[in-house]
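The values are calculated or read from the model by the stated rules, or taken from the named source; none is laboratory data. Because the structure is predicted, anything quoted here is derived from the model rather than measured. Heads up, the Cβs are rebuilt from the backbone with ideal geometry, glycines too, and the neighbour counts pull from every protein chain shown.
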Amino acid sequence: MTFTQIDYHITHSDQLSRVGYIKLKNGKKIETPINWVGLSVAESSDFQFNAFKKAGVTSFLSNVYDLKYQDKKGIRDDLINRLVDEGLNHKIDSGGFQLMKQQITGKKKFDLNPEIVYEIQKSVPCDIGVVLDVPIGTESREDKVINKIDKTLQNLESYLKIYDNEEDSFTILPVIHGHDIKKLDYAINGLENIIGELPKALGIGSLVPMVKAVKNSSSTGGKKNFVNILMYLRNKLPKTFIHAFGIGGTMAYFAYLCGVDSIDSNGWILKASRGVIQLPGTSDRFLRKKSHNRPYLLTNRKIRGTKKTINEIDLFMKCKCPICEEYCTDGIWSQHDWVRKRDDFDQYTVESRMKRVVHNLWLYQTELKLIKQAIKDKTSIDFIGKRLQNSIYKGLFQEIVKKMDSDQTNLSNFL
């Protein structure tokens, strides 16, 4: 069995981080790293289309489960076509995560198999189709984990039997899982046996339980193991395009630091719906103090580990996104401007949510551009370090950098 793999080219590197491009079967050439913005099932087609255009989103992610079982009126199908017509890159996830959640609850609502996944991916214009995978969740029993890895590999074999290597225009992305070296190597070896060579591209799944607090997530090894796995993969597969599923927010910085070429996330709409805005190096912030007492914008936020402070309101007011630029002219703003902007952003209306969404999406796109440039300039570690200097993960960042400095040729013993 053969199939046309993603053709990956590295043009710049800085430690583990890299900039390059992928060439796809349909002739597209996409610069890496890539951030695929997940479609929302909650927002209207027009809302998402307008938000993506205003924020300069270049790549988006849909989901087979949604298109097959939730999109009864073809709303997301129509949105996909509109976005593709605008020139955006499109990747379709398999729905394996949704299938896993169904199996956990024991309530059967839908079915997915390689044939269903293939037919949905073939029915809409897409650049990359993800093969149906079986996430390993928080399982600790080795036999259950191996069984799920085997099932993911079997799904790839079934997929390749129906995939038309000559006629289908989209490129396949195989997936592996594993929370330790032994499982990762087992999955990679199985993948190599199927395709006849080391993978030129793969997706790594089952990462979300490591970076988010879910039931039994401690069994996955947490964020330390998250970066360990990514560093090991990059060391083992230095020429392979690696996509990390479900990684966004602060963890995206760690993903790029550890050599990941591609991420995706749906966090953009969840955060904006809760009233959250984001700023470089400050993570989630509310516009004003709320009853839950979660972090809100301050004029004198202390920088962790120093006596210095940062004016978050000034940072927000000087944002240059398409929404924010009207509130600050030539970098000058008044208290009146701040109050007006805060009140405009801090409402639970469609208009206010759109402001937060465009602001956040624009920030993600801008940060990715800055990271790419920093990699080209070989200053990515300094750049990411500054972004994480006020983060609770500053120590983890320093540990990674220390390891890079002490062992630049073989990072596998970091685990």
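Being among the hydroxyl-bearing types (Ser, Thr, Tyr), closer than 25 Å to residue 95 by Cα and at pLDDT 95 or above is the filter here; which residues of the stretch 248-297 pass it?
Result: 256, 262.
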Test: residue in the stretch 239-255 that is over 16 Å from the mean Cα position of the chain (by Cα) and outside any strand (DSSP E or B): yes
Condition check for residue 68: in a loop (DSSP other than H, G, I, E, B) and not polar (S, T, N, Q): no
Residues of the stretch 285-303 satisfying the condition of being under 26 Å from the mean Cα position of the chain (by Cα) and in a loop (DSSP other than H, G, I, E, B): 287, 294, 295, 297
Looking only at the stretch 299-341, and only at residues there that are surrounded by fewer than 18 Cβ atoms within 10 Å (Cβ to Cβ) and of a type in the set (Lys, Arg), the one that is nearest to residue 398 (Cα to Cα): 304
Sole exception among (1) of a type in the set (A, V, I, L, M, F, W, C); (2) under 21 Å from residue 232 (Cα atoms); (3) assigned to a loop (DSSP other than H, G, I, E, B); (4) free of Cβ contacts under 8 Å to residues at least 60 places away in the same chain for residue 145, by number: (3)
Qualifying residue in the stretch 29-38 (condition: modelled with pLDDT under 95, under 27 Å from residue 160 (Cα atoms) and among the hydrophobic types (A, V, I, L, M, F, W, C)): no
Residues that are surrounded by 14 or more Cβ atoms within 10 Å (Cβ to Cβ) and either among the hydrophobic types (A, V, I, L, M, F, W, C) or not in a helix (DSSP H, G or I) (or both), drawn from the stretch 380-403: 381, 383, 384, 388, 389, 390, 391, 393, 396, 397, 400, 401
Hits in the stretch 142-161 (condition: over 14 Å from residue 188 (Cα atoms) and of a type in the set (Val, Ile, Thr)): 145
Top-ranked residue in the stretch 62-89 [being buried (at least 23 other Cβ atoms within 10 Å of the Cβ) and under 18 Å from residue 361 (Cβ atoms); ranked as nearest to the chain's Cα centre (by Cα)]: 62
Test: residue in the stretch 102-116 that is out of contact with any Gly (no Cβ under 6 Å at 6 or more places or on another chain) and either under 21 Å from residue 357 (Cα atoms) or buried (at least 24 other Cβ atoms within 10 Å of the Cβ) (or both): no
Residues of the stretch 111-164 that turn out to be within 21 Å of the chain's Cα centre (by Cα) and of a type in the set (Asp, Glu), as a count: 2
Selection within the stretch 312-339 - in a helix (DSSP H, G or I) and either among the β-branched types (Val, Ile, Thr) or in contact with a helix residue (DSSP H, G or I) (Cβ under 7 Å, 6 or more places away or on another chain) (or both): 313, 317, 324, 327, 337, 338, 339
Members of the stretch 86-118 found to be touching a residue at least 60 places away in the same chain (Cβ under 8 Å) and over 18 Å from residue 204 (Cα atoms), listed by number: 89
Number of the exception - residue 190 against (1) surrounded by fewer than 23 Cβ atoms within 10 Å (Cβ to Cβ); (2) of a type in the set (Gly, Ala, Ser); (3) in a loop (DSSP other than H, G, I, E, B): (3)
Number of the condition not met by residue 83 [criteria: (1) more than 27 Å from residue 201 (Cβ to Cβ); (2) without any contact (Cβ under 8 Å) to a residue 60 or more places away in the chain]: (1)
Residue list for the stretch 264-284, filter: touching a residue at least 12 places away in the same chain (Cβ under 8 Å) and not in a strand (DSSP E or B): 266, 267, 268, 269, 271, 272, 273, 275, 280, 281, 282
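Could you look through the stretch 1-41, keep only residues that are among the basic types (Lys, Arg) and in a loop (DSSP other than H, G, I, E, B), and pick out the one that is nearest to the chain's Cα centre (by Cα)?
Only one residue tops the list, namely 28.
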The listed residue being under 30 Å from residue 76 (Cβ atoms), crowded, with 18+ Cβ neighbours inside 10 Å and at pLDDT below 95, out of 129, 178, 137: 137
Which listed residue, of 115, 86, is at pLDDT 90 or above, farther than 24 Å from residue 263 by Cα and among the acidic types (Asp, Glu): 115
Checklist (1) surrounded by 15 or more Cβ atoms within 10 Å (Cβ to Cβ); (2) assigned by TED's automatic domain parsing to the domain that holds residue 55 applied to residue 284, failing item: (2)
Any hit, the stretch 184-200, residues being under 21 Å from the mean Cα position of the chain (by Cα) and of a type in the set (Val, Ile, Thr): no
